[in-house]
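**Q** For reference, the structure I am asking about is given below.
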Amino acid sequence: MLIAQISDMHVKPRGEMLSGALDSYASMARTVDRLISWRPQPDLLVATGDLTADGKPEEYAALRDLMADVGIPYLLIPGNHDDRQNLRAAFADQPWEDGPYLVYATNDQPLRIVALDTLMPGQHQGNVCVERCRWLDQRLAEQPDRPTILLMHHPPFATGIGHLDRMGLIDPSGLEHVVARHGQIVRILCGHIHRPISTVFAGVPASVAPATSFQIQLKLDDSKGIAWTREPPAFQLHSWSEDRGLLTHTAYVEDYGIWERPQSYRRMERNSGLA
């Protein structure tokens, strides 16, 4: 099974600039084109939050138009820039459960997908409250032997990027206890940081995908302020097999072409018997 993960698209309507400078609609359109042309085609696309710039209905309408061209099943979760009501209305065909949070668990793929809503309306920080921890515990208990991916926007760990960690998940200890109790989670997939990051949380591999809109400066200190960088938009591809587990690659939206192999590399291939 091949899963494509996009994150932090911050989509605005066509022709509107994000922060007056970046065309996030065009960036998302290029991402869709790249996914359409990718071979082999992913079996599933997951989008880990901050789907739109401000959670407005017209932004979700623009995103809906873009996603119509993807051509593969996709699953969404909200981020801190999203609005639950508007997202639920625009994507009523997503498997949202009834209730105050945009959560769900799917069972129609080789990997079970459990989606956890970390949104705190009006806040950049995220939260997994007692109610959401209880929900997650119940969903995981339903299929304890089924390999599972947990989707969430805010990473449940500190990244070392101080300014973003101050906008991180509030007290992940409850979530940590739940995750540690269940052994079937093969990866926690997150967004929010606009950088590729990997670590272990509660004994489970956890990773953050880069953004399709803009990346954020890698500043490993506690200073205030963040800066957008000119690093290229990117997404991740997660390849699953029962014997190997989950293997992750970072791919770029732009196609940079292929260099001709230099003579030294050709000699190395001949010497190693690969030519």
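No lab work stands behind these numbers, since they all come straight from the coordinates. As the structure is a computational prediction, the values presented were derived from the model and not from experiment. No Cβ is skipped: glycine too gets one built from the backbone with ideal geometry, and neighbour counts run over all protein chains shown.
**Q** Extending each Cα 7 Å along its Cβ direction at Gln85 and Lys219, get the distance between those two points in nm, one decimal.
**A** 3.5
**Q** Among 104-112, 32-40, 47-55, how do they line up from the highest to the lowest mean number of other beta-carbon atoms within 10 Å?
**A** 47-55, 104-112, 32-40
**Q** Let me ask another. Would you work out which of His182, Trp240, Pro155 lies farthest towards the positive end of the dipole of the chain? Charges go on Cβ: Lys and Arg +1, Asp and Glu -1.
**A** Trp240
**Q** Moving to a separate point now. Under a Cβ-Cβ cut-off of 10 Å, what is the net charge of the residues other than Leu150 that fall near it, where Lys and Arg count +1 and Asp and Glu count -1?
**A** So the environment of Leu150 carries a net charge of +3.
**Q** Residue by residue, what Karplus-based ³J(HN,Hα) values in Hz, rounded to whole numbers, does the range 223-235 have, using 6.51, -1.76 and 1.60 with θ = phi - 60° and x for Gly and Pro?
**A** Each residue of the range 223-235 in turn: 5, 7, x, 10, 10, 6, 10, 8, 4, x, x, 8, 8 Hz.
**Q** Moving to a separate point now. Could you give the length gained by full extension between Lys56 and Arg244, i.e. 0.36 nm per residue of separation minus their alpha carbon distance, to one decimal place?
**A** 63.5 nm
**Q** Based only on Cα atoms, what mean projected area does the convex hull of the range 131-271 have, in nm²?
**A** 12.1
**Q** Here's a follow-up. Starting from the Cα of Lys56, draw a straight line to each of the aspartates and glutamates and keep only those under 12 Å, dropping any in the same chain fewer than 8 residues away.
**A** Asp82, Asp83
**Q** Between Asp137 and Ala68, what is the spin-label point distance in nm, taking each point 7 Å from the Cα along the Cα→C-beta axis?
**A** In this crude spin-label approximation the distance works out to 4.4 nm.
**Q** Excluding same-chain residues fewer than 8 positions from Lys219, which aspartates and glutamates have a Cα within less than 18 Å of its Cα?
**A** Asp165, Glu231
**Q** A further question on this structure: Classify the range 1-132 from the C-alpha gyration tensor, please: rounded if a/c falls under 1.5, else prolate or oblate depending on whether a/b exceeds b/c.
**A** oblate
**Q** Could you give the longest part of the chain that holds none of the GluC sites (Glu not before Pro) found in DSSP loops with at most 16 neighbouring Cβ atoms within 10 Å?
**A** Formally, the longest exposed-site-free interval is 98-241.
**Q** Next up: Under 18 Å from a point 7 Å along the Cα-to-Cβ line of Val130: which residues of the range 142-177 have their amide N that close?
**A** Flagged as within label range: 170-177.
**Q** Under a plain spin-label model, where a point goes 7 Å from the Cα along Cα-to-Cβ, how far apart in nm are Gln41 and Glu16?
**A** Those two pseudo-labels are separated by 3.2 nm.
**Q** Just the Cα atoms of the chain: what Rg and Dmax do they give in Å?
**A** Every Cα atom of the chain included, Rg and Dmax give 19.1, 63 Å.
**Q** Translational D (Stokes-Einstein, µm²/s) of the range 147-223 at 37 °C and 0.692 mPa s when Rh comes from the Kirkwood sum over C-alpha pairs?
**A** 254
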